[in-house]
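Below is one structure, written out as structure tokens; comments come after it.
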Amino acid sequence: MAAFLFISGSPTKALAYGNGDGTSNTHTVIGTPVPFSQLYSTQVQGDYVAAGVGMRASGPPGGGTITLGAVPGGSTIAKAFLYWSVINSTSLASLGQGSINGHAITGTNYGTTASPCWDVPNPRQIYAFVADVTAYATFGANTLTGFASGGPPTFPGTEPLLEGATLVVIYQNTASPAHQVDLYQGARTFDGPPVETLTMSGYSAVSGNSKTTWVVSDGQPNSPPFNNKTYVDGSVTMAGTLNGADGNFWDTNTQDVTANIPPGDTSIQVGTESSFDFGSGDCITWVGQFLSTPINATTFTVNKVYSPSGPMASVPVSVNCSSGAFAPSSGTSSPASPFTTTDIGFIMPATCSASETTVPPGYIESDNCSSVSLANNVPASCTLTNTETSTTFTVHKVYSPAGPVTAVPVSVTCTSGIVATPSGSASPPTPFTTVVHQFNVSGTTCSASETVPSGYTMTSDCTGVPISNGAAASCTITNTLVTPSPTVIPATFTPNPSAVGGLVELASGGDTGGGAAFPIALLALIGAAFVAATGGTFAFVRTRR
């Protein structure tokens with residue numbers, strides 16, 4: 001085939017690039033290249049896998065099957081893109097349409113440039129497309145149908161010339177090392193030296209495995225083969241490659257570049273060359289490049305403890321890390337179910353911190369969750385502790401005048417929290433003390449009251465006493481003895497003409513039956529007895545008439 005291609009006629013310069021058979025002698029970039037740019041970049045606990053299929057002369061309509069390589073068990077698809085290219089003399093909407101696994105897709109034309117030397121009978125262009133197929137891609141075999149293709153023959157081909165397609169799947173797996181995955185796309189048609197290069201950067205590698213993938217259209221398996229080559233950082237990594245390994249005119253070439261990306265590396269240069277080792281160069285179009293570099297990743301777990309133990313309620317927590325992409329950034333944590341986030345791509349030294357969004361009522365929060373150091377693949381953790389608020393509240397008892405030691409019943413109430421023993425008794429030698437716990441840290445007060453003993457009045461400073469965690473609070477109830485007002489019994493003493501010596505006549509108020517005559521000494525005895533019996537005061541008024 002190569003000999004046939006080498007001797008085939010070439011259209012004039014005015015009509016075409018190259019020899020019209022996918023080869024050229026120009027040693028140059030052909031047409032106007034579309035510069036490479038980054039389509040997508042992500043940091044994932046996982047990696048990517050890519051595979052392709054050549055579809056020249058399939059159909060019409062064109063199609064094929066892309067079978068992805070093995071991935072770790074339990075992996076899930078995080079993102080997937082399908083790339084394909086078509087050569088045609090005019091732009092048609094159908095060039096960007098097709099189906100994957102039975103689902104219709106429409107791609108974005110990210111690059112249009114000169115065809116890789118298939119310009120017979122008229123100049124043609126190559127159209128490069130990409131579509132997000134995350135919802136449709138699967139691990140293993142993926143079936144492509146409905147793509148624009150002129151069908152056979154393979155050479156020189158019937159428009160549209162469907163070149164091939166590459167499926168790249170970014171997968172995530174919590175048991176896998178983390179990687180930064182970068183997808184670049186462009187459209188650069190060329191033949192012969194010098195080497196076409198692309199520099200990829202924007203990562204910070206750690207120890208681990210790296211790989212990169214070339215997506216190239218129109219590599220030909222001629223005999224002798226064209227000596228197309230790949231380069232990394234200026235050195236040849238493969239020769240005799242990019243020759244349609246995926247099938248007619250398409251290559252998805254993945255290589256390990258771990259040796260080129262040591263820890264701390266931040267950029268890599270890759271290259272592609274269509275050599276002239278056999279007299280003519282293979283015209284190829286470079287349409288995509290993928291890169292995977294190892295990055296830091298670890299988990300950060302926020303444990304939850306109550307003191308004293310017992311409650312199992314969850315609390316809202318939030319996490320912030322000094323670098324990297326950490327997700328989720330918030331959630332809930334409980335003694336039975338701690339909160340865990342994963343930080344991917346952090347730069348050492350790095351830390352994470354956690355806090356309770358809302359401290360449960362009746363508790364105070366303490367933790368060791370500030371600036372917890374991270375290390376690659378080493379789980380980090382901290383603990384949020386909620387300790388219930390607690391203090392003692394004492395009710396003292398005082399009698400005035402001092403002397404009695406009788407206990408009186410008292411009760412305690414608080415505006416928040418739990419009063420362990422809400423009632424009891426207090427006496428001068430034995431005050432009443434209770435424990436108040438799970439009260440709000442701010443604004444809580446307690447009050448105490450008693451059943452006032454007979455013959456006494458009550459005063460206290462036991463209303464609205466502020467309490468705080470760990471600081472004993474107290475108040476005093478004072479009982480003051482009641483002093484009765486003097487009891488005056490109006491009485492009149494009148495002379496009794498028949499009385500002799502110290503006799504007087506006593507007539508009490510309201511007495512209408514006259515008076516009685518009493519010796520003064522006897523009146524004194526009566527008064528004393530009255531005072532002793534009633535605790536009152538006896539008074540009399542001497543009157544004369």
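At-a-glance table
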| read-out | value |
| --- | --- |
| Filter pass, residue 166 being in contact with a strand residue (DSSP E or B) (Cβ under 7 Å, 6 or more places away or on another chain), buried (at least 24 other Cβ atoms within 10 Å of the Cβ) and assigned to a strand (DSSP E or B) | yes |
| Whichever residue in region 422-440 is among the β-branched types (Val, Ile, Thr) and buried (at least 16 other Cβ atoms within 10 Å of the Cβ) and, among such residues, is nearest to residue 484 (Cα to Cα) | 433 |
| Test: residue in region 254-272 that is small (Gly, Ala, Ser) and buried (at least 24 other Cβ atoms within 10 Å of the Cβ) | no |
| Elements of type strands (runs of 3 or more DSSP E) in region 307-386, at least 1 residues being farther than 27 Å from residue 294 by Cβ and β-branched (Val, Ile, Thr) | 315-321, 330-333, 363-367 |
| Residue within region 139-148 that is among the β-branched types (Val, Ile, Thr), at pLDDT 95 or above and surrounded by 19 or more Cβ atoms within 10 Å (Cβ to Cβ) present | no |
| Test: residue in region 388-399 that is surrounded by fewer than 16 Cβ atoms within 10 Å (Cβ to Cβ) and over 24 Å from residue 414 (Cβ atoms) | no |
| Meets criteria (assigned to a strand (DSSP E or B) and over 27 Å from residue 323 (Cβ atoms)) for residue 392 | yes |
| Residue in region 450-462 that is touching a Leu at 6+ places or on another chain (Cβ under 8 Å), surrounded by 14 or more Cβ atoms within 10 Å (Cβ to Cβ) and over 21 Å from residue 362 (Cβ atoms) present | yes |
| Filtered residue count, region 447-483, keeping only those that are assigned to a strand (DSSP E or B) and of a type in the set (A, V, I, L, M) | 7 |
| Breaking point among (1) among the polar types (S, T, N, Q); (2) over 20 Å from the mean Cα position of the chain (by Cα); (3) closer than 30 Å to residue 198 by Cα, for residue 296 | (2) |
| Among the residues listed as 246, 251, the single one being within 30 Å of residue 58 (Cβ to Cβ), modelled with pLDDT of 95 or more, in a loop (DSSP other than H, G, I, E, B) and of a type in the set (Asp, Glu) | 246 |
| Residues satisfying the stated conditions in region 81-121, i.e. within 21 Å of residue 66 (Cβ to Cβ) and small (Gly, Ala, Ser) | 85, 94, 96, 98, 99, 102, 104, 107, 111 |
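The values are calculated or read from the model by the stated rules, or taken from the named source; none is laboratory data. On a predicted model such as this, the values are computed, not experimentally measured, just so you know. Every residue, glycine as well, gets a Cβ built from its backbone with ideal geometry; the counts of neighbours run over all protein chains shown.
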